[in-house]
Amino acid sequence: MKSFLLFATGISLCILISCQQTLSHKPFVELSSLELSEEEMPMVSISNDFACSFFQKMNEQEKGQSFFISPLSAQFNLGMLANGAAGKTLEEIASVLSVSKSKPSLANNYFLKLISNLPRLDSTTVFQSANSIWIHDKSPVKDSFQQINQQYFLAEIQNLDFSEPKSTGIINRWAKEQTQGRIPHILDQAQGNCILINTLFFKGGWIFPFDPAETRQEYFYPVGGKKHPVSMMHLSDQWFAFHKAELFEMATLPYGNDSYAMTVILPKKGVSIDSCIDTFSEANWKAWLSASDSISCMLDLKLPSIKLDYKSDIIPTFQKMGIHDAFNENCADFSTYDRYTCPHF
């Protein structure tokens, strides 16, 4: 089997998320749809465009290596960061997010709807986002920065002395709890003035499940590497939304009540994954999904059963997208975050 690309999508939002599990003690009220105001509707296309650009820049950074990322998580972090930024720093972040720096409430309200309502679209599927802000004890953080991120990002905020080794343990335990043990270690050492964290986890059952009895050993062919024996899942004679693009074929595998789905992209023979990724754009992605929604195809589907474990520094990716001052202590303007000093995130 050739190398393939997983591009998970939900509610027309391009998101890449890990499969996690959580328990909730709150009564679940399932929503029939994610309702957005007329002013908020363009944010869907904006989010998709950001996701495609972020994914392409990460692919350039990883240079042919496998990677597993969440553009939506990156958006949440940048959204929280923007609430503490001013001047050119804010301009760069707002430009990358494609939102008006004069209307921060529009993006904040949109992100709040996603955080609050995406988990409620399917009672059989777990989707949850958690945000946290960890502030070094000696940093004079403005109350307004904390309040706006608590209000719109539901962020948990805690002050810690980053010079104490136990601070790193506290933050790592938080990440472990939010991901049900899947991410037990997110930091080696707490540093800087402020740490912003987002976790996303997803767990859903296929509408058309793979039969474990049909899983067998086959070879998988990664890009530029030797073939590997893997446990290959099989699903035969099942209809899926399907589309043949110029460079690849794509099939959509729905979860639960069909609010979420995973789209699998398989490059055509002789076509590289990089070439496929280069064609990603909001307009193309919308057209591909629309085309696949109108065509169903009976497939003999094979997918490797895999466990993904990935870690990367995404600051270089943000810089490639145009955010420079925020990560330069000599230029960063976070005057709406800090009363006196130039903070280091």
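Worth a mention:
- Those strands (runs of 3 or more DSSP E) of region 234-345 in which 3 or more residues are touching a helix residue (DSSP H, G or I) at 6+ places or on another chain (Cβ under 9 Å) occupy 248-254, 260-267.
- Within region 192-200, none of the residues are in a loop (DSSP other than H, G, I, E, B), of a type in the set (Gly, Ala, Ser), in contact (Cβ under 8 Å) with a residue 40 or more places away in the chain and closer than 28 Å to Ile273 by Cβ.
- Selection within region 229-277 - among the aromatic types (Phe, Trp, Tyr) and surrounded by fewer than 16 Cβ atoms within 10 Å (Cβ to Cβ): Trp239
- Any pair with Cβ under 7 angstrom, 6 or more apart, that starts in region 124-145 at a residue that is under 13 Å from Asn77 (Cβ atoms) and small (Gly, Ala, Ser) and ends at one that is modelled with pLDDT of 90 or more and not in a strand (DSSP E or B): Ser129/Phe76; Ser129/Ile115; Ala130/Gln178; Ser132/Ala155; Ser132/Trp174
- Number of the exception - Glu218 against (1) closer than 30 Å to Val96 by Cα; (2) surrounded by 14 or more Cβ atoms within 10 Å (Cβ to Cβ); (3) of a type in the set (D, E, K, R): (1)
- Of all residues in region 58-76, those that are among the hydrophobic types (A, V, I, L, M, F, W, C) and in a helix (DSSP H, G or I) total 4.
- Selected residue (criterion: surrounded by the fewest Cβ atoms within 10 Å (Cβ to Cβ)) from residues of region 159-185 that are polar (S, T, N, Q) and more than 24 Å from the chain's Cα centre (by Cα): Ser163
- Per this entry, Gln128 is not counted among residues that are modelled with pLDDT of 90 or more and either within 22 Å of Ile186 (Cα to Cα) or not β-branched (Val, Ile, Thr) (or both).
- A single member of Leu118, Leu112, Leu97 is at pLDDT 90 or above, under 13 Å from Gln75 (Cβ atoms), surrounded by fewer than 21 Cβ atoms within 10 Å (Cβ to Cβ) and of a type in the set (A, V, I, L, M), and it is Leu112.
- Remark: Glu282 matches the filter, which requires a residue to be within 27 Å of Phe202 (Cα to Cα) and touching a residue at least 24 places away in the same chain (Cβ under 8 Å).
- When Phe55, Phe111 are checked against the criterion of being outside the structural domain of Ser272 (by the TED database), farther than 25 Å from Lys307 by Cα and part of a helix (DSSP H, G or I), a single residue qualifies: Phe111.
- With respect to the conditions (1) assigned by the TED database to the domain that holds Asp274; (2) part of a helix (DSSP H, G or I), Thr168 falls short on a single one, namely (1).
- Test: residue in region 285-304 that is charged (D, E, K, R), surrounded by 14 or more Cβ atoms within 10 Å (Cβ to Cβ), without any contact (Cβ under 8 Å) to a residue 40 or more places away in the chain and assigned by the TED database to the domain that holds Phe248: no
- Filter pass, Gly79 being surrounded by 23 or more Cβ atoms within 10 Å (Cβ to Cβ) and part of a helix (DSSP H, G or I): yes
The values are calculated or read from the model by the stated rules, or taken from the named source; none is laboratory data. Small disclaimer: the values here were computed from a predicted structure and weren't measured. Neighbour counts are summed over all protein chains in view; Cβ atoms, including those assigned to glycine, are modelled from backbone coordinates with ideal geometry.
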